Amino acid sequence: MVKYNELIIDGVGTSSFPFDVIVLEGPTIQVGLSKDKLLSHDGVSGYIVQSNPHREAIEKKYTLQLINPTELQVLEFVQF
């Protein structure tokens, strides 16, 4: 089943809460910096590229709106 506008937070989907959670603002598209290195050697012209397919972690920020939760439900949501 396709669930629109759903985020997974620590393994829990926002659609599983007893109230609606809406993503108001998502992050822009970002690509982590490459971990490639240029290695030089004395006496040899040019460089050697040492490639690493992994990229650094990217922090993503979201703005969420909770629709009609109780105070207890808000506290439970904040704990995630």
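The values are calculated or read from the model by the stated rules, or taken from the named source; none is laboratory data. In this text the structure is predicted, and so the values were computed from the model without any measurement. Please note: Cβ atoms are built from the backbone with ideal geometry, for glycine as well, and neighbour counts cover all protein chains shown.
With the structure loaded, tell me whether SER15 is surrounded by 11 or more Cβ atoms within 10 Å (Cβ to Cβ), small (Gly, Ala, Ser), modelled with pLDDT of 75 or more and not in a loop (DSSP other than H, G, I, E, B) or whether it fails that test.
So SER15 fits the description; yes.
Within segment 39-47, does at least one residue satisfy the condition of being among the aliphatic types (A, V, I, L, M), surrounded by fewer than 11 Cβ atoms within 10 Å (Cβ to Cβ) and in contact with a Ser or Thr (Cβ under 8 Å, 6 or more places away or on another chain)? Break it down stepwise before answering.
Here is the first cut: in segment 39-47, the residues among the aliphatic types (A, V, I, L, M) are 39, 44.
The next check asks that each one be surrounded by fewer than 11 Cβ atoms within 10 Å (Cβ to Cβ); those that pass are 39, 44.
Going one step further and asking which of them are in contact with a Ser or Thr (Cβ under 8 Å, 6 or more places away or on another chain), we end up with none.
No, every residue in segment 39-47 fails to be among the aliphatic types (A, V, I, L, M), surrounded by fewer than 11 Cβ atoms within 10 Å (Cβ to Cβ) and in contact with a Ser or Thr (Cβ under 8 Å, 6 or more places away or on another chain).
Flag not set for LYS35, criterion: basic (Lys, Arg), surrounded by fewer than 12 Cβ atoms within 10 Å (Cβ to Cβ) and touching a residue at least 12 places away in the same chain (Cβ under 8 Å). If the condition is being part of a loop (DSSP other than H, G, I, E, B) and among the hydrophobic types (A, V, I, L, M, F, W, C), then segment 26-78 contributes ILE29, VAL31, LEU33, ALA57, ILE58. Collect the residues in segment 50-62 that are within 18 Å of the chain's Cα centre (by Cα) and surrounded by fewer than 10 Cβ atoms within 10 Å (Cβ to Cβ), keeping them in residue-number order. Within segment 50-62, HIS54, GLU56, ALA57, GLU59, LYS61 meet the criteria.
Consider LEU33 carefully, then state whether it is modelled with pLDDT of 75 or more and either at positive phi or not charged (D, E, K, R) (or both). Lay out the reasoning, then the answer.
Values: modelled with pLDDT of 75 or more: no; either at positive phi or not charged (D, E, K, R) (or both): yes.
No: the conditions fail for LEU33.
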